[in-house]
1. In terms of solvent-accessible area of protein heavy atoms at a 1.4 angstrom probe, what is the ranking of V517, V332, V223, highest value first?
2. Could you name the lysines whose alpha carbon sits less than 24 Å from that of K228, not counting residues in the same chain fewer than 8 places away?
3. Any idea how far apart E111 and S326 come out in nm if each label point goes 7 Å out from Cα toward Cβ?
4. (i) 108, 73, 46; (ii) 97, 68, 56; (iii) 79, 60, 41: which one is Cα extents along the principal axes in Å as calculated from this entry?
5. Would you kindly find the accessible area of E463, with a 1.4 Å probe and non-protein molecules such as ligands, DNA and RNA excluded, rounding to the nearest 10 Å²?
6. For a quick check of understanding: with a 1.4 angstrom probe and all protein chains in place, what accessible area in square angstrom does T415 have, to the nearest ten?
7. Would you kindly find the accessible area of F408, with a 1.4 Å probe and non-protein molecules such as ligands, DNA and RNA excluded, rounding to the nearest 10 Å²?
8. Cα convex hull of segment 337-416: how many Å³ per residue?
Amino acid sequence: MLTVSNVTYQIGKEILFEDVNIKFTEGNCYGVIGANGAGKSTLLKLLSGKLQPSKGSITYPQTKRLSVLEQDHFKYDEYTVMDTVLMGNQKLYQVMQEKNAIYSKPDFSEEDGIRAGELEAIFDQMNGWNAESDAAILLSGLGIDVKYHYEQMSSLEGSLKVKVLLAKALFDNPDILLLDEPTNHLDLEAVRWLENFLIDFENTVIVVSHDRYFLNKVCTHIVDIDYKQVNLYAGNYDFWYESSQLMIKQMKEQNKKAEEKIKELQEFISRFSANASKSKQATSRKKLLDKIELHEIKPSTRRYPYINFKIDKPLGDDILKVENLSKTVNGVKMLNNITFTLGKEDKVAFVGLNQKAYTLLFDILTGKEEADSGSFKWGMTVNLGYFEKDHNYEFENNKIMVDWLTDFSPNKEITYVRGFLGRMLFSGDDALKALNVLSGGEKVRLLMSRMMILNKNVLILDEPTNHLDMESITALNKGLQEFQGVVLLTSQDHQLISTTANRLFEIKENGELVEYVTSYEEYLENL
């Protein structure tokens, strides 16, 4: 059990949250949610001991082992993949290192022999003989091929490093597991493996995630950070959302009843306070009136953007025809005779693991790359908008946001342009920020502002939810559901795909395209 008692955390004069009291118990998975800046990652750092509370205490039994998903992808570059995972149990790893150091000595003394015996006993007690095979099972489950298991961490690309660090956090069944955005950079199969792992995990899990489907799948409780408070709710994310909306509704209804009672009392007082025979009653009513307090309904610190993609002109029947499109990159056939046709009501999700092929296809369809063979043709009525996965090149200058967006806007009036920035939560001086200082989430929201202001009727979106918080993802989800045009998209957000797409395409490893006439859930079940 991990116990948080009367904890307050303060940065300078700003209180992030105060008087937090929560018991995290065995067998439960707690999803931590809240607006950007509310303190989700800070809470995990407090629970792990990396930060100390300004007031209060955080305790768990000394016999319990706590494990954390680390964010520094370069920290273990000098170690092998296997050693990195084994470090998930630091005590076991230290025993292994000391044991190996003794056995590698050229002059093995009697004292060394005694110590080696002690270490062997500890090693056996900690199930050390199965450690490497257990680590290998974790790595393979996360999609890391055996050929990488003894490679140097420095030789791995970023997405593989993330998986290794996740395997390190999960290794050897920790009693308390802290995960900050564990699904970031994971492919679908790895996410599904992690979901099943956490569902079966018998100890305590505390996880920060923007993935609504993931939270619904694995969580037994939701920890909501809002109003500078941390509140615990039983149930998954959807249950929390419905409960919170119901609480607000009930609060409003209570206020309405209180307001009606106040109005009734005020009318009585005004009618009878001048009447001597009723003055006593009026005085008692006045006292009762003074005791009635309206419950303050605080606006949530969560801020939801408003995403509404309008179209400049209606689409005709001909949208896109692709015939036998092929492309080879560095000797690998990425696209192999891709053929499909889109209609004016299609919203297509490209699913599966072949993300590079999808980006390449999108680049070809938007003219950024050329195919080796085959053809494609957009309809005459199509006005195409493209959200690129790698869009950082657009922000490599110090132009301010409002000027940048004005360059694209058909209406150059400053109030018109600022209106679109405001929809994406850039108000006041925020609109004067330079492009080269924007965060990842701010860049995405600014690109969405541009897409809205241009009124495109066909949208290609390559991983648009990367860097977005849950509120922005929810707004984008709603905007795409209501969009009257055609959509082609890739995304790691399960809910976005399942509620938006009416067609599912997958490009296999051999570059061939397959269409699935099924729901996204059924597609995943058959992987």
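1. Final ranking, largest accessible area leading: V517, V332, V223.
2. Cross-link targets: K13, K23, K40, K45, K50, K55, K249, K252, K298.
3. My value for the distance between the label points is 7.2 nm.
4. The listed entry that was calculated here is (i).
5. Spelled out: E463, probe radius 1.4 Å, area about 10 Å².
6. Number for this one is 100 Å².
7. Here the accessible area works out near 80 Å².
8. Once divided by residue count, the hull of segment 337-416 is 161 Å³.
The values are calculated or read from the model by the stated rules, or taken from the named source; none is laboratory data. If you're wondering where the values come from, they're calculated on a predicted model, not measured in any experiment. Positions of Cβ are backbone-derived with ideal geometry, glycine not excepted, and every protein chain shown enters the neighbour counts. Quick note on the areas: whole protein, heavy atoms, side chains included, nothing else; ligands and nucleic acids left out. Shrake-Rupley method; radii C 1.70, N 1.55, O 1.52, S 1.80 Å.
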